[in-house]
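The values are calculated or read from the model by the stated rules, or taken from the named source; none is laboratory data. If you're wondering where the values come from, they're calculated on a predicted model, not measured in any experiment. Neighbour counts run over all protein chains shown; Cβ positions are idealised from the backbone, glycine included.
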Amino acid sequence: MGVSLYNPRSAPLIWRRARSMDPIVIIQHEDANPPGSIARYLALAGLPFEVRHVGRGDALPSSPADFSALIVLGGDMNTHENDKFPFLQTERDLVLACLRAEAPLLGICLGAQQLATAAGGEVYHRMFSEIGWTQVDIVSPDPLMVGVTSPFVCLEWHDYSFRLPPGALRIAAREDGEQVFRMGRRAWGMQFHPEVDADVAELWTAADEQRLDADRPGWAGEIRAETNVYMPAYPRFCGRLIGNFLEACGLVLHVRPE
């Protein structure tokens, strides 16, 4: 695609905690969707965090007062499958509580769809799956995207997408769907996966290889080839986005090189 992920000269060097803080809570839905590069960057920065694996039965926090920020990851389940996955509604209730309290919130893929649904938007089944490395345009300036070039390349893996809730700021999009939006001052949703590392990218490609190649012969091989190109810089792209999120919420001081 020939598009850079972001300007490497503006890459984050240090995150300094702006104040004492409760843990950042990361909601994980299934084993195949771990926090990946997000967890590694938080650990390197020395920021307190904990992962709640709701797919294994971990309890969700009771209110936004229990954490400094909430990060909701992706998953194979969908927002309408409440009967099969009862935690989805409880999770949406927590997301809505974050919106009302203006608590820091970042939703990724399913997490973004949960945010859109909680805020009155719509999640719909796509005509064509959005899978693999795609090019996304920034359409509105926003603190979340500081240092990110437009267009940028990211990894997508979903069959459902969202339509913007009332009052949402549209930040990034593709011709066939929304990608990044903000609700209020401190809640963001992004449809793509910045957290994925090389191991998870291969796990997903192998798991869906038959489906991918049935839809388009050689598709899985194309994804693997593009992963080899884009993955080396991708963890730093994730670090940039997470650093921007935490800085915009006042949780860290984001120190950059001159």
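Looking at region 206-233, which of its residues are at pLDDT below 95 and in contact with a strand residue (DSSP E or B) (Cβ under 8 Å, 6 or more places away or on another chain)?
D208, L212, D215, W219
Only one of (1) of a type outside the set (D, E, K, R); (2) more than 21 Å from V229 (Cβ to Cβ); (3) more than 17 Å from the chain's Cα centre (by Cα) is not met by S150, so which one is it?
(2)
Suppose we keep only residues that are of a type in the set (K, R) and in contact (Cβ under 8 Å) with a residue 40 or more places away in the chain within region 184-217. Which one would you say is surrounded by the fewest Cβ atoms within 10 Å (Cβ to Cβ)?
If we take residues in region 184-217 being of a type in the set (K, R) and in contact (Cβ under 8 Å) with a residue 40 or more places away in the chain, then R185 is surrounded by the fewest Cβ atoms within 10 Å (Cβ to Cβ).
State all residues of region 27-59 that are in contact with an Asp or Glu (Cβ under 9 Å, 6 or more places away or on another chain) and under 13 Å from C238 (Cβ atoms); if no residue qualifies, say none.
P34, P35, G36, S37, I38, A39, R40
For residues that are over 19 Å from the mean Cα position of the chain (by Cα) and within 20 Å of G250 (Cα to Cα), scanning just region 65-96, find the one that is surrounded by the fewest Cβ atoms within 10 Å (Cβ to Cβ).
A65
Within region 138-159, restricting attention to residues that are in contact with a Lys or Arg (Cβ under 7 Å, 6 or more places away or on another chain) and surrounded by fewer than 18 Cβ atoms within 10 Å (Cβ to Cβ), which residue is farthest from F181 (Cα to Cα)?
Among those residues, the one meeting the criterion is D159.
Can P8 be described as in contact with a His (Cβ under 7 Å, 6 or more places away or on another chain) and at pLDDT below 95?
no
Any chance region 172-179 includes a residue that's crowded, with 22+ Cβ neighbours inside 10 Å and more than 20 Å from I223 (Cβ to Cβ)?
yes
Within region 32-64, how many residues turn out to be among the charged types (D, E, K, R) and within 17 Å of the chain's Cα centre (by Cα)?
So the count comes out to 3.
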